[in-house]
Amino acid sequence: MELIPAIDLNDGRVVRLYQGRFDEVTHYPVSPAALAKRYREAGARWLHVVDLDGARHGRPANTDTIAAILQASDIQVQVGGGLRSLEAVEAQLAAGAARIVVGSLAVRDPAIVKDWLARFGPERIVLALDVRQVDAVPMTLTHGWTEASSASLWEVIDGFMPDGLQHVLCTDVELDGAMQGPNLGLYRECCQRYPSLAVQASGGVRHAEDLAALASTGATGAISGRALLEGALALEGLEAYLPDHTAAPSTSPGAHAC
């Protein structure tokens, strides 16, 4: 399992939202491109970038900032937020994104996403499925977590398995940004149900012990945003989760990225 740092963008700035709410936003005084370079220097192979404005308005909004991130280093980037048309997906891939991340659209209109899987190949598509536990069943949410769907996580994934689905990013929204630890049972069950999938766990990572616990579930990636930005999850000592690590950084990411 590897650590995948996350950069969330709001109006070109690095931010974190608490449980997806724009009225609970924290801004970080750090350049997105420099932060991406810093993560790469620490040994991360992948970076998860979310265009929050794009997700909110249904069309890409931080394209210049994302382009700067893509040009800053050779880190592989998966990009999500507002990618709801073929043209938007093609533009992001052409700009250098290694993968595009699709969320609500996969639940609301799976036929479109299945076409993209066939067109671009399953290695280029990540399904980002946000869930809330309802009677011990992970139920999917859409529209920035504001609307509950009638489909469970398992039903959505089942629908894409015949199309060669390879990558799923799952977020327990109750834990996102809460620094309370990840939902280990959710990821363990997901990996047991779908052993052929590469499952990325998101939400709740606080420290190295959480990464070790996630690795034990079978997850192949762990997304972390706030814990890294605020130094709760220090890059020092995470060599096991940073595949291209060469020399441990001495301080938190923001210290070198302003």
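Read-outs throughout are calculated quantities, based only on the coordinates presented, and are distinct from any laboratory measurement. As the structure is a prediction and not an experimental result, all values here were calculated from the model. Please note: Cβ atoms are built from the backbone with ideal geometry, for glycine as well, and neighbour counts cover all protein chains shown.
See the values below:
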| quantity | calculated |
| --- | --- |
| Neighbourhood charge, 12 Å Cβ-Cβ cut-off, centred on A208 and excluding it, Lys, Arg +1 and Asp, Glu -1 | -3 |
| Local electrostatic count at Q133 - Lys and Arg +1, Asp and Glu -1, tallied over other residues with Cβ under 11 Å | -2 |
| Cubic angstrom per residue, convex hull over Cα atoms of the chain | 110 Å³ |
| Between region 184-229 and region 35-81, the Cα center-to-center distance that results, in Å | 21 Å |
| Candidates per GluC sites (Glu not before Pro) in region 132-221, loop by DSSP, up to 15 other Cβ within 10 Å | E174 |
| Under 9 Å, Cβ to Cβ, from A61 - net charge with Lys/Arg +1 and Asp/Glu -1 | -1 |
| Rounded, prolate or oblate (a/c below 1.5 giving rounded, otherwise prolate when a/b exceeds b/c) for region 5-109 by Cα gyration tensor | oblate |
| Sequence-separation-based contact order of the chain, relative, with Cα cut under 8 Å and 6+ spacing, percent | 22 percent |
